[in-house]
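Values quoted throughout were computed directly from the atomic coordinates according to the rules given, and no laboratory measurement underlies them. Please read all numbers here as calculations on a predicted model, not as lab measurements. All Cβ positions, glycine included, derive from the backbone under ideal geometry; neighbour counts span all protein chains shown.
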Amino acid sequence: MAAQLAALGPEPALRNSLIAVHVVTGAAAFVFGALLAVRRGRRPAQVLLYVIALTLTALFVTGAVILDWHGLTAATRGLFAALLVLAFYTVWRGWQARSKLAGARPRLPGALDDLGFTLITLFTGFVVILAGDLGGPVWLVVTLGIVAVATGRRLTSLNKARRLKPEDQLGHPAEGSAQIRQGADASANRHR
């Protein structure tokens, strides 16, 4: 394969190398993120590896798109621009998950939402690109993308139900919610 890439010249070889590294870092981000989503306990090194892999995934695919930009149609440029915005929004959500997990008081509900979003995005990308590269018809690629998102949302919901305490599942408790509950309990006791 290396000989084939070399025969294409430097630009296609660089583009294909960027895409290959993009796939590897995307797979690493998916594995690290999935482990963070299902495991209990603080894992700062794993969180850092996850966001670094996620960031590299977006940077490498951006490089590949930049190399191909001059040869793309306007419609394809628009599509790739939208996908790059999604990629960097996904990276931002990954860093948000890191900040929620790494704080003095980890905020697991919000972190699981951010992790779930990034994992769904990565998984859907893998499924859609694989189906397209294997020559699947557009209707099948779109259907698989929808099924991947729906499956990811369901798995994220099940994981949150398993990981969170019942009081955390009602919503994201605001700062001072313990005082609000104490005040409500005191009020209820006065009316008895």
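A few points about this structure:
- For 146, 129, order by how many other beta-carbon atoms lie within 10 Å, fewest first: 146, 129
- Across segment 53-124 the C-alpha pair distances fall into 5 Å bins from zero in the proportions 3, 17, 22, 19, 15, 10, 7, 4, 2, 1 percent.
- Descending by average beta-carbon neighbour count within 10 Å, the peptides 133-143, 62-72, 45-55 line up as 45-55, 62-72, 133-143, the highest first.
- Measuring r between the beta carbons of residue 151 and residue 11 and using R0 = 30 Å, the FRET efficiency lands at 0.20.
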